[in-house]
Amino acid sequence: MSAERTALRQPSQSANMFGRGPMGGLGLPVQKAKDFKGTLRRLTGYLAPHRPALIVVVVAGVISTLFSVVGPKMMGLVTTKIFEGYLGRAMKVPGAGIDFRYVGNMLATLLALYAVSALFLYLQQYLMSGVAQKTVYALREDVEAKFSRLPLRFFDSKTHGEILSRAVNDLDNISSTLQQNLTQLITSLLSVTGIIIMMLTISWILTIVVVLTLPLSVTIVAAIAKRSQAFFVRQQQALGELNGHVAEMYSGHAIVTAYGHEVRSVARFDELNENYYDGAWRAQFATGVMFPIMMFVGNLGYVAVAVIGGILVTRRSIAIGDIQAFIQYSRQFSMPITQLSSIANTIQLTIASAERVFELMDEAEEPADTPVAAVPATPRGEVRFDHIAFSYQPEAPLIEDMALTVASGQMVAIVGHTGAGKTTLVNLLMRFYDVNAGAIRVDGIDIRDLGRGGLRRMFGMVLQDTWLFSGTIRDNIAYGRDGATEAEVVQAAKAAQADHFIRTLPDNYGTLINEEATNLSQGQKQLLTIARAFLADPAILILDEATSSVDTRTEVLIQQAMGTLMHGRTTFVIAHRLSTIRNADVILMMEHGRIVEKGTHQQLLDAHGRYAALYQSQFSGSTLPVGQA
Amino acid sequence: MLKLFALLKPLRGSVAIVTVLALAQSLANLYLPRLMADIVDFGIVLGDTRKILEIGGLMLLVAIVGTICAVAGSYFASKVATGFGRIVRGRVFDRVAHFSVHQFEEFSTASLITRTTNDTTQVQQVLLMLLSMAIPAPMMAIGGVTLSLSQDARLARVLIAVIPVLAVVFFLIMWKAVPLYQQMQVKIDRLNLVLDEGLSGVRVIRAFDRGADQSRRFAAANEAVTSNAISVNRLVALLMPAMFFMMNLTGVLILWFGAVRIDAGEMHVGAMMASLQYAIQILFAVFMVTAVFVMLPRAAASAERINAVLDVVPDVVDPLPPRSVEVTAASGASRTSGRLEFQHVTFQYPGAEEPAVSDVSFTALPGEVTAIIGGTGSGKSTLAGLIPRFYDVNAGRLLVDGVDVREMRQADLRARIGYVPQKAVLFTGTVASNIRFGHDEATDDQMRHAATVAQAAEFIDQMTDGYASPVSQGGTNLSGGQKQRLAIARALSRRAGIYVFDDSFSALDFATDARLRAALKADLADATVVIVSQRIGTVMNADRIVVLDDGRVVGMGTHAELVESCAVYREIAASQASLGEVA
């Protein structure tokens, strides 16, 4: 759990200023999507509502690129003009000199073009932030909405980490790709085409020289990327092992200390640390080397342009300013090419992420809720199990043909060893799972006809797992019923014996429960969940008696509160206490997920079965402790 | 951050090499435009093709040298940065491993994990960026300015004017953006928290039919993240256009003033062209430096968290020289020793207002069971933790076989103790490796015996691979009761003289609990057994019961004696009797 939380704490990509950077996508092992096209189409569907903005984004990209791409050529023309003036003067041509009017006009135009280009570039980025974030917003909402429609079976079969990694990390990937790489893709493509066209208008020979560097750099990058992938895989594996060791040793710190395993633990860590270092520096070097090599290829082009261009100028086939323009173009050329190659990887990663998110969205949902019967206004709370059958997996039947009628106000105790499946009945009563055959009826109505919401409002639940959310104590108690007043909250807290301790807290009912609820003891949390159930005022109650360590005085309070809460309500108790069991109207004895015995305390004792054995062992449990002298 | 960089000391040779290489590489890159200027001014103007080729060859050479320097620089930078990461990570882990349990608890487990893993990686990455960008970039900028000054001092003024303007523009944007990024993290945390609560509370949310409420909470958090992300991204969207515009503006200015200078016959065309390229290189360098500075605050926060760990001095340390103590653990031969004596022991958590344990005195003898009972917060677990020196006493003494535990080596002391914690912690491996965690050299028979006594043999035998069955991290593939029994077996495999059970039977059902205690009684007949509990049923047959209330001993004796004499004990007994616990 704590490791999961740590994973969440990792700075999210969308909070990272420069995202993955131009080189980020290179060299990383690429996870491929199973259905690239289909996923892409589906993702595009989310962009559809923003079509007008996206059109402006593309148009702004075109204008911005167009205006900036003519720049070097114009600067080249200006340089040529300056050179001509200079030459004229050097050759003492009368009246010769630099044509400042021309130079001035050109430069003014150029400045204007650059200003427009910058403006449109900004417009593009500005609009894209809105589109990207709103799209991810919609995706997140859909994921959350999906969660509310998924059956409990889904949550029980997956770890939080698994689910959260899709809902958080994968969505983050999509977010930063939409934010950065989509516009990059547009401008890079446009720039490359624009630059090639501009270069062709100047000199085809030099264009060929510059463009020839392209396959060279692509080949080199591909070769390095291929190699570095292996290093990255190694680095990630080593990091995984390292983090695993850290997480494990830290969660077991007291035990590691008590059993004197520190030295061994450090030795193992050093080994893993060394291993990670070995993979990491290679991976970093492989990525780091990419930039100088790309630069070298760029410089090759630069030298070629200077030399070949120089010779061409001496032969009068191009002007001096053209060399300058080419140098600028060749410099600008390599940037979008590098970006495009990294974007290709990034897009694959993103589609793979999107696919995982969509897989989540395609999980089978709970059957639609179609209430056909009205929830009784004042439910009596009579519960009838009408020959029900249930199993989590079809091949392992658990409950077969169970019949039981619980009259209004009766108490049912569910007993059995740890892991005997005592929560199964709770799952069925609350319709977290539906029965496979037969029916559960409340006040004579099949609970499947009531609608989940309506059914659950008749129930109150106090579980051992005292779930509270981050908010005030007031909000947490008021959670029991929508629109509860302050007075009702306090009344519920009083009934649950929680009012007293709440008033000793610094902000009383306004005290914030922090993330791990470490500011409350386990017992206090339990009292709050009881107060919550009081407020809900249900006809039927589900209680799970705590076995965890609660100090005795709080435990008395909890018992009293639970006792008051049960009064006059039909109650199902997952029981751990003799007193509860003795008072129960029916005891259900469970073993390996099945109900093996059913009856009152006396009936079951007389039957000399499993319950009797358990009861005896419990008796002897308190009379045969370790230290019996 | 700087403090942490002191750890770079062993790598300083490599850092120097990186710096020199960065300098060489910057110079090479800057030399190219100058050579190009020569091509223009001497080759083209004079129409000398041979000269052009000659200079071209030189340019190629310079480019190759520059690349070699850059690649070598990247090699050393990678090694230095990851090497630094390794050093820091190793230091942090080593330090944490030697934290006393209390020091460990001062941080949370999750936070320490983050500090050891993410924070060190963060610092490592920033060092890499510093080495590969922040060191070469200023050299590029300074070298560029120097070279363009030497080309033409007057024209270089344009650059000198633009650089600060660019820097200020970037600074302003970042100054506004950085707080937004910080808020962003807070809002993302909140969103993840709501999501996490939705998953962990799914039963409760559905039971109270509050799905709509949860959706509202999520929507609000989502909304907050989205609007924050939009505003920060829109702000940062200014960066690139501003950067490009400033670069191009500089180019235009250079051309204009260059034209004026050339017209006056004070400058060559090639020099102007070179200046134009310097400008681009320099401004790009400034941009890179800004990028690095943006990463710094986050890395600085990481460095601070790392330093907080490194600054803690372990408070439980071995004495110098240690008293040599005959180690009886793991031999199984002599189990008669293990006398444990608390003499006026007081312990106060650092920063706490009240001592957790005050003036506690009692003696636990071999062959006897000593129980400690009390409510939550009465100091029972603290008292138990003092025995293996999870903490050290503030006053009084704790003696094992007559020797103050602080005078013994921790390893010697702990070798004689079998400690079972409240919460069973298991490690990745097999059932066998977890039991042997207590005693490496335990034979198969000893291991099986420990498992049998701990009532674990039955379920282990039912597992497909028996003792070789895998245990996943934290023992998540086992039930709470199974984990607890394995933790007990682990302690039993140690054949220690002293056993400390800190409320370690809580996850067991009554039947198993009873069988286990009966088996323990037979197996640990010679050992000193200390049981911490809050249940009368668990302690009532102990040879000696110590009753704690608010860290003080309020009663000591057998069950019968305490029922007579101790009010607190009677109160606990009464409350549990009313619950039907004591039948």
> Here are A:L242, A:L300: which of them is of a type in the set (A, V, I, L, M, F, W, C) and under 30 Å from B:G385 (Cβ atoms)?
Replying inline: A:L242
> Does segment B:222-230 contain any residue that is farther than 20 Å from A:Y122 by Cβ and of a type in the set (V, I, T)?
Replying inline: yes
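For every residue, the table says whether it meets (1) aliphatic (A, V, I, L, M); (2) in contact with a Ser or Thr (Cβ under 7 Å, 6 or more places away or on another chain); (3) touching a residue at least 12 places away in the same chain (Cβ under 8 Å); (4) within 19 Å of B:H98 (Cβ to Cβ).
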| residue | (1), (2), (3), (4) |
| --- | --- |
| B:A395 | yes, yes, yes, no |
| B:L398 | yes, no, yes, no |
| B:M408 | yes, no, yes, yes |
| B:A415 | yes, no, yes, yes |
| B:Y419 | no, no, yes, yes |
| B:V425 | yes, yes, yes, yes |
| B:G429 | no, no, yes, no |
| B:A432 | yes, no, yes, no |
>> Consider segment A:284-318. How many of its residues are more than 8 Å from chain B (Cβ to nearest Cβ) and either assigned to a loop (DSSP other than H, G, I, E, B) or within 38 Å of the chain's Cα centre (by Cα) (or both)?
In response: 8
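Which ones in segment A:66-89 are assigned to a helix (DSSP H, G or I) and either small (G, A, S) or away from every other protein chain (no Cβ under 11 Å) (or both)?
Correct list: A:L66, A:S68, A:V69, A:G71, A:K73, A:G76, A:G85, A:G88.
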> Assuming A:A403 fulfils every condition listed in (1) small (G, A, S); (2) closer than 30 Å to B:R217 by Cα; (3) surrounded by fewer than 19 Cβ atoms within 10 Å (Cβ to Cβ) apart from one, which condition is it?
Replying inline: (2)
> How about segment B:81-172: which helices (runs of 4 or more DSSP H) wholly inside it have at least 2 residues that are modelled with pLDDT under 80 and under 23 Å from B:A24 (Cα atoms)?
Replying inline: B:136-151
> Quick check: is even one residue across segment A:349-365 among the aliphatic types (A, V, I, L, M) and farther than 30 Å from A:S175 by Cα?
Replying inline: no
> Could you say which residue among B:V393, B:V405, B:V420 is within 29 Å of B:I460 (Cβ to Cβ) and of a type in the set (A, V, I, L, M, F, W, C)?
Replying inline: B:V420
> Here are some conditions: (1) within 12 Å of another protein chain (Cβ to nearest Cβ); (2) on the phi > 0 side of the Ramachandran plot. A:N476 meets all but one. Which one does it not meet?
Replying inline: (2)
>> For the structure I just gave you, tell me whether B:V202 is more than 7 Å from every other protein chain (Cβ to nearest Cβ) and β-branched (V, I, T).
In response: no
>> Out of B:A224, B:A212, B:A219, I need the residue that is among the small types (G, A, S), more than 7 Å from chain A (Cβ to nearest Cβ), in a helix (DSSP H, G or I) and farther than 23 Å from A:I542 by Cα. Which one?
In response: B:A224
>> Given (1) farther than 30 Å from A:I308 by Cα; (2) without any contact (Cβ under 8 Å) to a residue 12 or more places away in the chain, identify the lone condition not met by A:T207.
In response: (1)
> Counting only residues that are in contact with a Leu (Cβ under 9 Å, 6 or more places away or on another chain), crowded, with 22+ Cβ neighbours inside 10 Å, modelled with pLDDT of 85 or more and not in a helix (DSSP H, G or I), how many does segment B:368-397 have?
Replying inline: 7
> If a residue has to be under 10 Å from the mean Cα position of the chain (by Cα), crowded, with 20+ Cβ neighbours inside 10 Å and either outside the structural domain of B:T67 (by TED's automatic domain parsing) or in contact (Cβ under 8 Å) with a residue 60 or more places away in the chain (or both) to count, how many in segment B:117-145 make the cut?
Replying inline: 2
> What tally of residues in segment B:72-96 results from selecting those that are touching a residue at least 60 places away in the same chain (Cβ under 8 Å) and not basic (K, R)?
Replying inline: 9
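Go through A:I595, A:I581, A:I574, A:I558 for me and flag whichever is modelled with pLDDT of 80 or more and either in the same structural domain as A:V462 (by TED's automatic domain parsing) or buried (at least 21 other Cβ atoms within 10 Å of the Cβ) (or both).
After ruling out the rest, the residue left standing is A:I574.
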> Pick from A:L212, A:L200: which is part of a helix (DSSP H, G or I), away from chain B (no Cβ under 14 Å), within 30 Å of B:R34 (Cα to Cα) and at pLDDT below 85?
Replying inline: A:L212
> If you check B:T49 against the conditions, is it surrounded by fewer than 22 Cβ atoms within 10 Å (Cβ to Cβ), of a type in the set (S, T, Y) and either in contact (Cβ under 8 Å) with a residue 40 or more places away in the chain or out of contact with any Phe, Trp or Tyr (no Cβ under 6 Å at 6 or more places or on another chain) (or both)?
Replying inline: yes
> Within segment B:280-289, can one find any residue that is within 7 Å of chain A (Cβ to nearest Cβ), in a helix (DSSP H, G or I) and buried (at least 22 other Cβ atoms within 10 Å of the Cβ)?
Replying inline: no
>> So, in segment B:237-259, how many residues would count as being under 14 Å from A:L107 (Cα atoms) and either touching a residue at least 40 places away in the same chain (Cβ under 8 Å) or out of contact with any helix residue (DSSP H, G or I) (no Cβ under 8 Å at 6 or more places or on another chain) (or both)?
In response: 6
> Can you pull out the residues in segment A:229-247 that are free of Cβ contacts under 8 Å to residues at least 24 places away in the same chain and crowded, with 21+ Cβ neighbours inside 10 Å?
Replying inline: A:V246
>> Tell me which helices (runs of 4 or more DSSP H) are completely within segment B:421-486 and hold 3 or more residues being crowded, with 17+ Cβ neighbours inside 10 Å, within 14 Å of another protein chain (Cβ to nearest Cβ) and in contact with a helix residue (DSSP H, G or I) (Cβ under 8 Å, 6 or more places away or on another chain), or say none if there are none.
In response: B:431-436
> What residue, of B:L60, B:L4, is assigned to a helix (DSSP H, G or I), within 11 Å of chain A (Cβ to nearest Cβ) and farther than 25 Å from A:F232 by Cβ?
Replying inline: B:L60
>> Quick check on my filter: what residues within segment B:250-275 are more than 7 Å from chain A (Cβ to nearest Cβ), surrounded by 21 or more Cβ atoms within 10 Å (Cβ to Cβ) and of a type in the set (A, V, I, L, M)?
In response: B:I254, B:M267, B:A271, B:M272, B:A274
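The values are calculated or read from the model by the stated rules, or taken from the named source; none is laboratory data. All values reported here derive from a predicted model rather than from experimental measurement. Here Cβ is always computed from backbone atoms with ideal geometry, including for glycine, and neighbour counts include all displayed protein chains.
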